[in-house]
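Reading through the structure tokens given below for one structure.
The values are calculated or read from the model by the stated rules, or taken from the named source; none is laboratory data. Bear in mind the structure is a predicted one, so any value in this text is a computation, not a measurement. All Cβ positions, even for glycine, are placed from backbone atoms using ideal geometry, and neighbour counts span all protein chains on display. Keep in mind that these areas ignore ligands, DNA and RNA; they rest on the heavy atoms of the full protein, side chains included. Shrake-Rupley method; radii C 1.70, N 1.55, O 1.52, S 1.80 Å.
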Amino acid sequence: MTLINILKEEIYIFIPHGINGIVISQNAVIGKNCFISHQVTIGTSMGKAPVIGDNVYIGPGAKIFGGIKIGNNVRIGANCPVFFDVPDNSTVVLPKPRVIVKEKDYEYYTIEEDSVKRYSVKRYGFTQNSIIE
């Protein structure tokens, strides 16, 4: 675990996976006791950098850009792009994973084996009016 103590004050930034893969703008302001996971980017946009409050958890792969303010006691989930202000005592997460179909009709099949070596075919897919499962 890497621990950065700035100016011998009680300001700590916790970087548990090391500094590799983390990008922080030189103009960003980071508060006390922040936890920054791997592959995080805190960058500028249009010449402005984020201001991050105290006791903030930033999950793996999160991207924080622009002249925004992240409040105190905020948790930012993995891989979240944040480009808007976040109020104190809140959590930012992505929506659940979803399937994006490029064609109107789409289907695929899986072949499954049971405990007595019998095989069955299951059909999955999407049509214009229904989901097959």
request  = Report the residue count in segment 11-45 for those that are farther than 17 Å from GLY71 by Cβ, open to solvent by 60 Å² or more (accessible area, probe 1.4 Å) and modelled with pLDDT of 90 or more.
outcome  = 7
ask   = Do you know which residues across segment 47-69 are closer than 12 Å to ILE36 by Cβ, assigned to a strand (DSSP E or B) and either in contact (Cβ under 8 Å) with a residue 24 or more places away in the chain or of a type in the set (Val, Ile, Thr) (or both)?
value = ILE52, ILE58, ILE64
request  = Give the residue, chosen from ASN72, ASN79, that is in a loop (DSSP other than H, G, I, E, B) and open to solvent by 70 Å² or more (accessible area, probe 1.4 Å).
outcome  = ASN79
